[in-house]
Amino acid sequence: MKIDHKTVDHLAHLARLEFENESKEAIVNDLNRILSFVEKLDELNTDNVSPLIYMTDETNVLREDSIHETISHAQALKNAPKKDSDYFRVPKFVEKK
Amino acid sequence: MDTIYDKYEPVIGLEVHIQLLTRSKAYSSDANEYGNMPNTNIDPISLGHPGTLPKANKKVIEHAVKLGLACNCHITEVNQYARKNYFYADLPKGYQITQDKTPICTGGHITIKNDDGTEKQIFLTRIHMEEDAGKNIHDQAPYHTLVDLNRAGVPLLEMVSEPDIRKSEEAYKYLTEVRKLVRYLDICDGNMEEGSLRCDANISVMKKGSTEFGTKVEVKNMNSIRNVQRAIEYEIKRQIDLLENGESFPMETRNFDAVTGKTHSLRSKEAANDYRYFPEPDLQPVIISEKYIEQVRSTLPPLPDFLFKKYVNQYGLSEYDAGVITDSKSIALYFEDLIANTTNYKAAVNWLMGDIKSTLNQEALSIEKFPVKPAQIAALIQLIDENKISHTVASQKVYPKLLEQPDKSPYDIAEQNNWLQQNDANSLNEFINQVIGKYPDKVQDYKNGKTNLLGLFMGEVMKLSKGVADPKLINELLKKKLEE
């Protein structure tokens, strides 16, 4: 698989990232290097191997429906780059009609 | 006469999001509560902090199985969760934990009743478990969008119908049934205005007789069942008008505006959303055994459709009465209790939908808060059936007293107030003689053929009995006496 500018544009849009000129060239190269490294795995025949999704064989790991307060409102907002006393603040992404 | 609109057949499928009544969230232990201060129902998991691990809430699975059983779905044995990836400020993890290839319920149906009394089954594609997103507030700060994550991670079931709906009225009925069902099951409060029940409609039209569906448009933002119907009606007309003009329209998502009754374009679907679903490795599979399913089945309440059929077929109630009673679970449960204590089903309906309903309306009470137990109402019905009191006395005298003293037996109330019918012929004949003595000329008129004077005599006798004599018996005795 080959990563080209179009693929990077698509991925960048999905992740809301922007790459221009040199930085786009750099990310195309990076992604291609990563992919070719992983392609090494293609040397193995995996026809009869089912995909590994879970790290253990456990099933039905469930919790009771009860409330446990783990962090406070202030702690929740603490690491936010922008906030007020109540809310997380993010750049406005819907224009007023 | 046929219009251009009759040349087309609408094809409608509905997606309903059902917000579940649980204490805590779907994958974390912060509270699932509506109306709290912003960002107080939070937890590192629902905030999407790195290194946190979700853990699925048992109750969500139970609720999903309940709904599946109530809709006759197949319950999936091996359930996996999946990540649906997209970027939005109200989704801090960058993905929604949902189900993709193994929805917990498949197949099944919702039965709706057409106006002509026939039934139609709307088949279901699937019901799957997922989580809600937070809330973005765009209009409170000039340069920022405010994010409240109280709702992030609240458990949802998404119920997807097959494109079986052909009319806006059918969509209305389908949603009414779904709302009734989730309320009977006690898994969702069914409040569309507050968004705990949400509906998106997929609408297309095709020429009658065609087998190929037209271009599909998804309509969102309808906050009542009536508005879903309005949006569908508007959209069907819009699509047919365009087609008849020889115009095509894109596959897209449209927003419904309740004020104008119109839909307008929200975003094009042509660049299909790339959600990059993959299995959620942080949540182990959930295996649902036959034993578990049977255990949940045994906890199901009687369902509205079952009760409706029982009332009509076994108890001989009219479809109207059966419909009114099963419309709300609490009324139906009261009625169930009532008919466990009396076999006069018709009287039970009349009391419940008459006197009791008007008390509830006057006092703004719910039936759960109604003070008089069903057994007491049944005892009152029995007093009437045994001719101990007349219906009028029961309704106007005993019932109001019963509301004040709900634990006192209706018989004791009637007895202590001298409201029991005087049904011994001797004392009634005594009254009759008094009346006949009082109006000798009227008696003569009666004997000469003015038989409508009977009402006057009856009224007089009733007055002497202080309103508690059995009218049928007075009538009988009076006639006998006058025709001697």
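Counts of other chain beta carbons within 10 angstrom of each beta carbon in peptide B:290-301 average 0.
Of B:E130, B:E386, B:E169, the sequence from fewest to most neighbouring Cβ atoms within 10 angstrom is B:E386, B:E169, B:E130.
Toward the positive end of the charge dipole of the protein assembly as shown, about the Cα centre and with charges on Cβ (Lys, Arg +1; Asp, Glu -1), which of B:G51, B:F370, B:P400 goes farthest? Projecting each Cα onto the dipole axis, the largest value belongs to B:P400. Seen through its C-alpha gyration tensor, with square-root eigenvalues sorted a ≥ b ≥ c, the range B:48-158 comes out oblate because a/c lies at 1.5 or above while a/b is not bigger than b/c.
Scaling against 2.2 N^0.38 Å puts the C-alpha radius of gyration of chain B at 1.35.
Here the spin labels are modelled as points 7 Å beyond Cα on the Cα-Cβ line, and at B:T118 and B:D257 they lie 3.9 nm apart. Taking every C-alpha pair closer than 8 Å and separated by at least 6 residues, the mean separation divided by the residue count of chain B gives a relative contact order of 13 percent.
Quote the charge dipole size of the range B:425-482 about the Cα centre in Debye, to the nearest 20; the model charges only the Cβ of Lys and Arg (+1) and of Asp and Glu (-1).
Details: 10 positive and 6 negative charges, 15 e Å.
So the dipole magnitude of the range B:425-482 works out to roughly 80 debye.
Can you give the charge dipole size of the protein assembly as shown about its Cα centre, rounded to the nearest 20 debye, using +1 on the beta carbon of Lys and Arg and -1 on the beta carbon of Asp and Glu? Display every interim value, and only then the final one.
Details: 73 positive and 88 negative charges, 274 e Å.
Here the size comes out at about 1320 debye.
Taking the charge dipole of chain B about its Cα centre, with +1 at Lys and Arg Cβ atoms and -1 at Asp and Glu Cβ atoms, the residue from B:G354, B:N433, B:F306 reaching farthest to the positive side is B:N433. Summary of packing: across the peptides B:376-383, B:312-319, B:30-37, the per-residue average of other C-beta atoms within 10 Å ranks them, highest first, as B:376-383, B:30-37, B:312-319. Using the Karplus relation 6.51 cos²θ - 1.76 cosθ + 1.60 with θ = phi - 60°, the per-residue 3J(HN,Hα) values for the range B:398-408 come to 5, 4, x, 5, 5, 5, 6, 10, x, 9, 7 Hz, with x marking Gly and Pro. Across the options A:V90, A:T70, A:S50, the greatest Cα extent toward the positive end of the charge dipole of the range A:42-97 (unit charges at beta carbon of Lys, Arg, Asp, Glu) belongs to A:V90. The relative contact order of chain A comes to 17 percent, based on Cα pairs under 8 Å that sit 6 or more residues apart.
Mind checking A:66-77 for the average number of partner chain beta-carbons within 10 Å of each residue's beta-carbon?
Per residue, the number of nearby Cβ atoms from other chains is 6 on average.
Determine the shape class of chain A: with a ≥ b ≥ c the square roots of the Cα gyration tensor eigenvalues, call it rounded for a/c under 1.5, and otherwise prolate if a/b is greater than b/c, oblate otherwise. Cα axes put chain A in the oblate bin. Shown here for the range B:85-119: trypsin sites (Lys or Arg not before Pro) in loop regions (DSSP other than H, G, I, E, B) with at most 11 other Cβ atoms within 10 Å, namely B:K101.
Arranged from fewest to most other beta-carbon atoms within 10 Å of their beta carbon, A:R33, B:R166 become A:R33, B:R166. Each of B:F306, A:F88 was scored by other Cβ atoms within 10 Å of its Cβ. Listed from fewest to most, they are B:F306, A:F88. All distinct Cα pairs of the protein assembly as shown go into the 1/r average, and the inverse of that average, the Kirkwood radius, is 29.5 Å. When +1 charges are put on Lys and Arg Cβ atoms and -1 charges on Asp and Glu Cβ atoms, the dipole computed for chain B relative to its Cα centre reaches about 500 debye. The alpha carbon convex hull volume per residue for the range B:4-292 rounds to 156 Å³.
Other protein chain C-beta atoms within 10 Å of residue C-beta, averaged over B:132-139: 2. With semi-axes defined as the square roots of five times the eigenvalues of the C-alpha gyration tensor, the equivalent ellipsoid of the range B:203-301 measures 37, 20, 17 Å, largest first.
Partnerless cysteines in the protein assembly as shown, where a partner means another cysteine C-beta under 4.7 angstrom, comprise B:C71, B:C188, B:C199. For the range B:302-416, the alpha carbon positions stretch 43, 31, 19 Å along the principal axes, listed from largest to smallest. Both radii come from the Cα set of the range B:385-484: Rg as radius of gyration, Rh as Kirkwood radius; their ratio Rg/Rh reads 1.08.
Put simply, when B:406-416, B:190-200, B:255-265 are sorted by average Cβ atoms within 10 angstrom per residue, most first, you get B:190-200, B:406-416, B:255-265.
Read-outs: derived from the displayed coordinates by stated rules, not from any lab. Remember, predicted model here, so these are calculated numbers, not experimental data. Cβ atoms come from the backbone with ideal geometry, glycine included; neighbour counts cover every protein chain shown.
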